[in-house]
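The structure appears right after this line, and notes come after that.
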Amino acid sequence: MIEIASLSKRYGRHLAVDEISFEVAKGEVVGFLGPNGAGKSTTLKMLTGFLPPTAGAARIGGYDIFRESLEVRKHIGYMPENVPLYTEMRVKEYLRFRGALRGMKGSHLRTRLGEVMETAGLTHVRRKMIKTLSKGYRQRVGLADALIHEPDLLILDEPTNGLDPNQIRSIRSLIQRLGEKHTILLSTHILSEVEMTCNKVVIIDEGKVKAADTPSNLVKNMRRAGRISVEMKVAADEGETYLNALENVKKVTSEPLRDGWTRFAVFCEPRTDTRLKISELSHEKRWPLRSLARKNATLEEVFVELTRKD
Amino acid sequence: MRVFRILFMKELKSYFFSPFGWLIMAFAALMQGLSLSTTMKGFMDVAQSESLVYVVFQAPTFWFYFLFLFPVLTMRLFSEENRSGTLEGLLTAPVQTWQVVLSKYSAAYLTFAILWIPVLFHFKLFTMITNVPPPFTNGEIYGSLLIILLMGALFTAMGCLASCLTSSQIIAGIVCIGFLFIHFLLGLVTLWWGDQIPAAPFFHFISSREHLDLFSRGLLDSRPIIYYLTMTGFVLILTHHVLDFRRWKP
């Protein structure tokens, strides 16, 4: 659906997007992550044809984003950051206007209007002026606008930005439902959202792609993925010595607890499991063991690991 | 064409489905009525050799309100979309830039044209409610309105260009009035420097004041007609390029 080949964007001296390349297959829901100013919005603006790339190329549905911009724009539904809308229009009037701009008319437009307002939960505010709507409703109007012409690809720039938890939840479940039928590229920096809605993640930082994979693979490949927490009744330094000697163990830290036990954190190579070895060790040394657990890394840790500056 | 019509209707609605368009209309009708009534008073006091229409459009108040109509009509067109970000939504829909430019221009121009209906009505009213023979002919009325519509075509285009250059309505309005004043003052250069300077024919050629002078006597000259039409096209092309530049700048 989307093929991006070393796309770059330069604003004067500042290189906002630096030769990024990735692909999005039809039917995928892709989360586009990155810290503020990483180049997410710029990339999306280039894909939608609002800004030209400085270098590189991208194709959406087989059409070149620069040369065949009009064709590309017919096939995408785009919700820009902060959802700009004509605030003096009424909800239904606005959606009808946007649908007509995309070449819809007559009964087709009427039925789609009803459908998108139903999907986005706007039916009861359809006669209200957009300027009287709350941020959450405006966000939904933006989403309905992006959906009305049944686009092959939805590009959403921070769809849940600035919403309260209930609104985030409703927008998120809406995106999940949409993901069953549409290809979606959504940018965000809310990681729980990505874990719940996306089947692929692209992380960019300082204009470069840092990772592109499924959320579970990203988590698995994390350096911290093999962290095991152990609580045993043994002296801290003695325990550390023996644990360090185990296979695949990279580092051990310990922390004496008040009740005479010691908690160890055992860092291992990725994709290894040392829990059995630790259990055998405690059994062999007759150290009482009361807790042995592998901590799963979260997407948040992956994100921090990939994008932190220190 | 359909996209153009949709955009055009939307722009036209934004003038007339809000108090905005009606306020401008009221202002224009008021100023037009004032110039007519003061001129009529003048006619009562002193005998005049010129026609009523000619004197109405020669009054200095005419240029004062005429030139101020354009920034008010056009300053919002592009700058507001730019500021609120709706331009992004508009230009990422399958819409061509020329359709956006032409639809906004046409809506502003049509609104401008509607502002001159009262003038036509005023002069008709004059013949209807007075029993003196009308001190003007139809040629003078239609000539004046024709040149006003021609000047309006160019000045509205200049307003669109100004609005396109900035995301602030106020600045757009100031830039627009700047364009119009410079254009108007260039037409007055020969009044101060005389006709001896080599560029005098050029200043006569672009002088809106002289064009109005000519047309409000009922005289048609093809040169101003060509001038305003080509300049309108040129300024609109420039507006299109300014708006589209975003898509080309590396």
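The values are calculated or read from the model by the stated rules, or taken from the named source; none is laboratory data. All of these numbers come straight from a predicted model, not from anything done at the bench. As a convention, Cβ positions derive from the backbone with ideal geometry for all residues, glycine included, and neighbour counts pool all protein chains shown. Remember, those area values only see protein heavy atoms, side chains included, never the ligands or the DNA or RNA. Shrake-Rupley method; radii C 1.70, N 1.55, O 1.52, S 1.80 Å.
So the values come out like this:
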item: Which of B:171, B:54, A:149, positive extreme of dipole for the protein assembly as shown (C-beta unit charges); result: A:149
item: Too-long pairs where the Cα-Cα distance tops 18 Å, listed order kept, from A:40/A:200; A:26/A:74; A:45/A:210; A:200/A:250; A:9/A:40; result: A:45/A:210; A:200/A:250
item: Cβ-based charge dipole, the protein assembly as shown, positive-most Cα from B:25, A:48, B:182; result: A:48
item: Cleavage-rule hits, GluC sites (Glu not before Pro), the range A:142-212, DSSP coil, Cβ neighbours within 10 Å at most 10; result: A:180
item: Probe 1.4 Å, all protein chains present, accessible-area order of B:49, A:192, largest first; result: B:49, A:192
item: Residue-averaged beta-carbon neighbours from other chains (10 angstrom radius) around A:77-90; result: 4
item: FRET efficiency, 1/(1 + (r/R0)^6) with R0 45 Å, evaluated for residue A:19 and residue B:234 via beta carbons; result: 0.65
item: Residues in the range A:227-243 reached by a label modelled at residue A:294 [backbone nitrogen below 12 Å; 7 Å Cα→Cβ]; result: A:227-229
item: Those residues of the range B:73-93 whose amide nitrogen sits under 20 Å from the label point placed on residue B:117, 7 Å along Cα→Cβ; result: B:73-74
item: Residues of type aspartates and glutamates that residue B:13 reaches as a straight line, Cα spacing below 17 Å, ignoring anything fewer than 8 places off in the same chain; result: A:88, A:93, B:80, B:81
item: Point-to-point label distance, residue B:20-residue A:26, nm (Cα→Cβ direction, 7 Å offset); result: 4.3 nm
item: Threshold 20 Å² - residues in the range B:203-250 whose accessible area is reduced by that much or more when the chain is no longer isolated, probe 1.4 Å; result: B:246, B:247, B:248, B:249, B:250
item: Value of relative contact order over the range A:86-169, rounded to a whole percent, pairs C-alpha under 8 Å and six or more apart; result: 36 percent
item: GNM flexibility winner over chain A from A:121, A:34, A:77 (Cα, springs under 10 Å); result: A:121
item: Cα centre as origin, Lys/Arg/Asp/Glu Cβ charges: the protein assembly as shown dipole, Debye; result: 1240 debye
item: Computed E for residue B:197/residue B:226 - FRET, C-beta separation, R0 25 angstrom, nearest 0.05; result: 0.55
item: Peptide A:65-73, shielding by other chains (average Cβ, 10 Å cutoff); result: 2
item: Among A:59, A:96, A:263, residue whose mean-square fluctuation peaks in a GNM of chain A (springs only between Cα atoms under 10 Å); result: A:263
item: Cβ-Cβ FRET estimate between residue A:177 and residue A:11, R0 fixed at 30 Å, reported to 0.05; result: 0.25
item: Protein-only accessible surface order, largest first, of A:278, B:6, B:225 at 1.4 Å; result: B:225, B:6, A:278
item: Peptide-level mean, for A:96-103, of C-beta atoms on other protein chains within 10 Å; result: 5
item: Gaussian network model of chain A, Cα within-10 Å springs - most flexible of A:113, A:276, A:299; result: A:276
item: Inter-label distance for residue B:1 and residue A:152, nm, one decimal - labels placed 7 Å from Cα along Cα-to-Cβ; result: 3.0 nm
item: Chains A and B together, accessible area buried on both sides, 1.4 angstrom probe, square angstrom; result: 2500 Å²
